Amino acid sequence: MDFENNNMEEELGEELDNIIVLNDEDGKEVKFEFLDLIEYENEEYVILLPVEEDEDSEEVVILKVEDTDSDEEESYVSVDDEEVLNTVFAIFKEKFKDEFNFIDEEE
């Protein structure tokens, strides 16, 4: 799933400055709360929390940051490598272990 940041967070007001709006592959706008930027093996990954009406789902989305020709716009792409996803998420969990209550669903 590819996403592009269309920089609409500036239009939402300063109180929502950690909200970014991305376009999915169908062109639909999806809002995310930006949680962190993690560097791993010379790549950057964003940790995003979907902002949805349904608050039951608290799963984060991890996307790789890709450079674009524009200095004002970034492109985010999905990560297919499960090992990379797990490692980046482990770094995020360690960094924010005191701020978030992580639930392991390995039952």
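Just checking, does the range 67-77 include any residue being aromatic (Phe, Trp, Tyr) and closer than 18 Å to Val21 by Cβ? Yes: one or more hits. The test for being hydrophobic (A, V, I, L, M, F, W, C), touching a Phe, Trp or Tyr at 6+ places or on another chain (Cβ under 9 Å) and modelled with pLDDT under 80 holds for Phe102.
The one condition from (1) aliphatic (A, V, I, L, M); (2) modelled with pLDDT of 90 or more; (3) out of contact with any strand residue (DSSP E or B) (no Cβ under 6 Å at 6 or more places or on another chain) that Leu85 does not meet is (3). Considering the range 34-66, the residues that are among the aliphatic types (A, V, I, L, M), at pLDDT 90 or above and touching a helix residue (DSSP H, G or I) at 6+ places or on another chain (Cβ under 9 Å) include one that is nearest to Asp17 (Cα to Cα), namely Leu35. Right, Val77: within 11 Å of the chain's Cα centre (by Cα) and at pLDDT 70 or above or not? Judged against the criteria, Val77 is a match.
The values are calculated or read from the model by the stated rules, or taken from the named source; none is laboratory data. The model shown is predicted, which means the values in this text are computed figures rather than measured ones. Glycine also receives a Cβ, built like all others from the backbone with ideal geometry; neighbour counts cover every protein chain displayed.
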